[in-house]
Amino acid sequence: MVAGVMAAGAALAAGLYRFTDLFVKHYPATPYDDVLAALVDRAQATKLGAKVPDGLEPQALAARLRASLKPDGLAAAAQSDVAAGRVIEVDGWVVPESVALLSALAAKA
Amino acid sequence: MTGFIDARSLPAATVLEPDLAIIGGGPAGISLALALAGAKLNILLLESGGMNFDSKTQKMYSGAEAGVRYTALDAGRLRFLGGSSNHWGGYCRPLDEADFAVRDWVPHSGWPITRKALEPYFQKAQALCEAGPWIYDKGNEAQEGPLLPLGKGGLYTSWFQFSKTRDSVLPTYFGHRYEQDLKAARNITPYVNANVTAIRLNKDAKSVERLEMATLAGGRFTVKPRMVVLAAGAMENARLLLASNDVMPAGVGNQNDLVGRFFADHPIPRDVATLVVFGGALAPCYGSTVTLPNGAVMRAAFSPTGEFLKAKNVAGSLTTVENAIELDETGTAAVITTAIALGVDASVAKCYSLGCGMELAPDPDRRLTLTGEKDALGLPRLKLDMHIADSDFALYRQTLAELGRQLLASKTGMLRLNYSRREQWLAAMDWGNHHMGTTRMSEDPKQGVVNADGLVHGIGNLYVAGSSLFPTYGSSNPTLNLIALTLRLGDHLKKVMA
C-alpha cells in the first residue's frame, strides 16, 4: 500500500516535472552541465550545434570550454574570440568559436 | 556645326584624311571627341552603328564561347551610337589606389600609372557621367539615418554614385546625351554606319597607313588619318587588332601574343551571403539608391581596405545588400544562440541577402581569339575562352568571413556565407558585362599591348582607349574610370598632335 502510494506520488511528480518542460526545458544530467549552464537557450544551441563540423569528443570539448569560459563567462569569451579572429563557420554562419563549441557540446550531450 | 554623316551616303572610293580618327562612338570615343572639341584638329568619330539599335549591325558582335557560362558576345554590349552606355546601369565608383598597385600575390597585377595620374580627370569624367557632386567615400557623412557599424577590421562602408538614375530617370546614354554636343563641335565629324574592317599598317609595321571602311549597304571607303584611337570596347578592340594581320601576321600590336588575352569581367553572383541585423532596421542606402539634397544618388557597399587586401592577399570586391529574406531553422538557432552569447537583443532582427561584384585575378588564358567564321563584312568572329578560378571564389569568401567577424565585433549582426562549392557559385553567377583587359597597359611590351599613354607598342600613331587597357581590374564599375583614362589620353594627344 505504502509502496503503491509512493509509486503513484513519484509518477505524479515526474509528470509534473515533464509538464514544466512546457515552460523550462529539462535535460538529463550530463558530466558537462557546469559548462552547458552558460547556455540560456539550450534548445536553439543544440540545433546550431548539430551543424558544427564533427571533430572534438564531448570530454575534450568540455575541457576546452571550461578553460575559455572560466574567467569571465560566455559573453567575454565570445567577444575575445571575435577580436582574435577565432570564428568558425557553422552551416555557413560565422560564429565565435566558443559559441560554436558550446553549441556542439549541447548537441552531443 | 558639322552634323552626323551617314557613311552609306559616301561615294564609292571616298578617301577621308583627318588628323585623328576615333574608332567607336561609345563612352570612350565620345568622351575623347568631346575632350578634343575646339582643338585645332580635324577629327572623325567613326561609329559602326546608327543612332539606334539595329539587329543586323548588332549581329556583327556574335561569336563563340567556351569554358564557364558567360553572356553571349552579342548580348553584353551594344553596337550603335553611345555603345554599351545604352544599357548602362549608371553605377560609378573610382578605382581605389590599391587597384593600381603591383600586388605580390597576384601575378600580372599592377598599372604603369598610379591613381594620382587619373585624379585630375575624375571630376570631368563624373560630369560626363552626370553623376552629381563627387562624394563617394565621404558618403558616411552625407547620409541621414544610422549606418551599420562594423567592428575594426578589413572592410568599410564604401559608396557608389549613380548617373542620374532615380525613379524613371535613366543613366546617361552617351549617344543620345551628347549627340548635339558632337554636332556642335566644328572640328568633329561623326560618321554613323561606318565600320572599320581593317587597320592597315605601312610596310615597316611602325605606323597605321589607312583604315579600310565598309557599310552594311555595300559601300567601301578609306580613312587615312595622322593618328588613330581605337575605342571600340575591349572585345572589338582586340578583334580589330587581331584581324588586321596582313603586315604583322599575328595582328597589329600582337608581336608578343598578348592581344585578346587577360579578358576580364566582374562576376556578380547573387545571394552570396545572408546578413542578419540584430536591431532590425537598416538604413535605406544599403538596399537601394538614395538621393541627397545636393542631387547625388548614392548606395552603400562593403569594400575591403587596401591594408586588408595586402594582409590577407585577397582581391577587390563590393558587397551590396539586396532583398529582405526569412531565416531557416538553423539560421534562427544561429542568431538566437549568438545574440544571447553576445548579450544582444535580437528579437526584432531582420535578414537580407547580399550580392557582390568581384575582382578576378588576371589570367592570360581567359582570352579572345578569332574563329574561321566571318561577319557580314568579312571580319572574323571572336571566340571567348572564359575562366574563373576556384581561388577567385576562395579569396572573396575570406572577405565575406571578415565582414561576418566585424559584424560580431560591433555586436550589430552576423553573416552566413551561402556558397562553399564551385558549382554553387557558378549556379548563382551573373556578369557585370564590364569587358576589360584585352589590350593591357604596361611599359614593358612583353607584358602589355599599349604603353602608359595608351600607345600600341611599336606603332607610332595608334592608341587604344577604354577598359581594354586595364591591367588589373579592381571591383569598381569601369565606365567612370575608363572615361577618366580617356580624358587623360585627350590631354596627351593635344600635346603630341599640336
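The values are calculated or read from the model by the stated rules, or taken from the named source; none is laboratory data. For clarity, every value in this text was computed on a predicted model and none was experimentally measured. Every residue, glycine among them, receives a Cβ derived from its backbone with ideal geometry; neighbour counts consider all protein chains shown. These accessible areas exclude ligands, DNA and RNA; they are computed on the full protein's heavy atoms, side chains included. Shrake-Rupley method; radii C 1.70, N 1.55, O 1.52, S 1.80 Å.
Taking the Cα centre of the protein assembly as shown as origin and charging only Cβ (+1 Lys, Arg; -1 Asp, Glu), how large is the dipole, in debye to the nearest 20? List each step's numbers first, then the result.
On the way: 59 positive and 59 negative charges, 200 e Å.
Approximately 960 debye in magnitude.
Grab the other residues whose beta carbon is less than 12 angstrom from that of residue B:3, score K and R as +1, D and E as -1, and report the net. Walk me through the intermediate numbers first.
Working: positive: B:183, B:186; negative: B:6, B:179.
Value of the local net charge: 0.
Give the residue from B:268, B:481, B:45 lying farthest towards the positive end of the charge dipole for chain B; charges sit on Cβ (+1 for Lys and Arg, -1 for Asp and Glu) and the dipole is referred to the Cα centre.
Result: B:45.
Ranked from highest to lowest mean number of other Cβ atoms within 10 Å per residue, what is the order of the peptides B:61-72, B:374-385? Don't skip to the end; give the middle numbers.
Working: B:61-72: 15.3, B:374-385: 17.9.
Answer by packing, highest mean first, reads B:374-385, B:61-72.
To the nearest 20 Debye, how big is the dipole of segment B:304-369 about its Cα centre, given +1 on the beta carbon of each Lys and Arg and -1 on that of each Asp and Glu?
300
Keeping every protein chain in place, order B:164, A:108 by accessible area at 1.4 Å, biggest value first, i.e. largest first.
Numbers: B:164 60, A:108 80 Å².
Heavy-atom accessible area, descending, gives A:108, B:164.
Hey, for a label at residue B:75 modelled as a point 7 Å past Cα toward Cβ, could you say which residues of segment B:430-453 have their backbone N under 19 Å away?
Under cut-off, by backbone N: B:430-436.
Working from Cα positions, state the angle (0 to 90°, nearest 10) between the long axis of helix B:115-128 and the longest principal axis of chain B.
Helix B:115-128 sits roughly 80 degrees off the main axis of chain B.
Between residue B:102 and residue B:389, how high is the FRET efficiency from 1/(1 + (r/R0)^6) when r is the Cβ-Cβ distance and R₀ = 25 Å? Nearest 0.05.
Numbers: r = 19 Å, r/R0 = 0.78.
The formula returns an efficiency of 0.80 here.
Shape call for segment B:48-90 from the C-alpha gyration tensor, a ≥ b ≥ c root eigenvalues: rounded (a/c under 1.5), prolate (a/b greater than b/c) or oblate? Show your work: numbers first, answer last.
Values: a/c = 3.61, a/b = 1.50, b/c = 2.42.
The shape class here is oblate.
Angle check, please: helix B:174-184 long axis (alpha carbons) against the longest principal axis of chain B (alpha carbons), in degrees 0 to 90, nearest 10.
In chain B, helix B:174-184 runs at an angle near 40 degrees to the longest axis.
How large, in Å, is chain B by the Kirkwood hydrodynamic radius built from its alpha-carbon pairs? Can you show the working numbers first?
Values: mean 1/r = 0.0427 Å⁻¹.
This gives a value of 23.4 Å.
Relative to the first principal axis of the alpha-carbon coordinates of chain B, what is the inclination of helix B:234-243, with its axis defined by its Cα atoms, in degrees from 0 to 90 and to the nearest 10?
For B:234-243 against chain B, the angle is about 30 degrees.
Taking all pairs of distinct Cα atoms, average 1/r, flip it, and tell me the Kirkwood hydrodynamic radius of segment B:179-329 in Å to one decimal place. Write out the running numbers ahead of the final one.
Values: mean 1/r = 0.0474 Å⁻¹.
About 21.1 Å, per the Kirkwood formula over Cα pairs.
If Lys and Arg each add +1 and Asp and Glu each add -1, what is the summed charge of the other residues whose beta carbon sits under 13 Å from the beta carbon of residue B:233?
Values: positive: B:77, B:79, B:239; negative: B:47, B:74, B:236, B:265.
Residues close to residue B:233 contribute a combined charge of -1.
For segment B:346-481, build the charge dipole from Cβ charges (+1 Lys, Arg; -1 Asp, Glu) around the Cα centre, then report which of B:462, B:388, B:412 sits farthest towards its positive end.
Ranked along the dipole, the leading option is B:412.
Ranked from the most accessible area to the least, with a 1.4 Å probe and all protein chains present, what is the order of B:135, B:5? Each step should come with its number before you reach the end.
Values: B:135 25, B:5 50 Å².
These residues rank, largest area first, as B:5, B:135.
For segment B:397-487, report the convex hull volume of the alpha-carbon atoms normalised per residue, in Å³, without decimals.
Details: hull volume 14.0 nm³, N = 91.
So the per-residue hull volume is 154 Å³.
Given a Förster distance of 45 Å, report the FRET efficiency between residue B:68 and residue B:186 from their Cβ-Cβ distance, rounded to the nearest 0.05. All intermediate terms of the calculation are to be shown ahead of the outcome.
Details: r = 48 Å, r/R0 = 1.06.
The formula returns an efficiency of 0.40 here.
What's the local net charge at residue B:356, with K and R +1, D and E -1, over the other residues with C-beta under 15 Å away?
Numbers: positive: B:93, B:270, B:299, B:397, B:416; negative: B:265, B:271, B:322, B:359, B:392, B:402, B:430.
For residues surrounding residue B:356, the net value is -2.
About the Cα centre, and with charges only on the beta carbon of Lys, Arg (+1) and Asp, Glu (-1), how big is the dipole of chain B? Nearest 20 debye, please.
On the way: 49 positive and 48 negative charges, 186 e Å.
That gives chain B a dipole magnitude of about 900 debye.
Say R0 is 41 Å: what FRET efficiency, to the nearest 0.05, do residue B:205 and residue B:138 get from their beta-carbon distance? Write down the numbers at each step before the final one.
Numbers: r = 49 Å, r/R0 = 1.20.
The formula returns an efficiency of 0.25 here.
Taking a cut-off of 22 Å, what percent of all Cα-Cα pairs in segment B:4-125 are separated by more than that? Don't jump to the answer; show the numbers that get you there.
Working: 4214 of 7381 pairs.
Tail of P(r) above 22 Å: 57 percent of Cα pairs.
Projecting each Cα onto the charge dipole of segment B:115-245 (Lys/Arg +1, Asp/Glu -1 at the beta carbon, about the Cα centre), which of B:163, B:189, B:143 comes out farthest on the positive side?
Positive-end residue among those listed: B:189.
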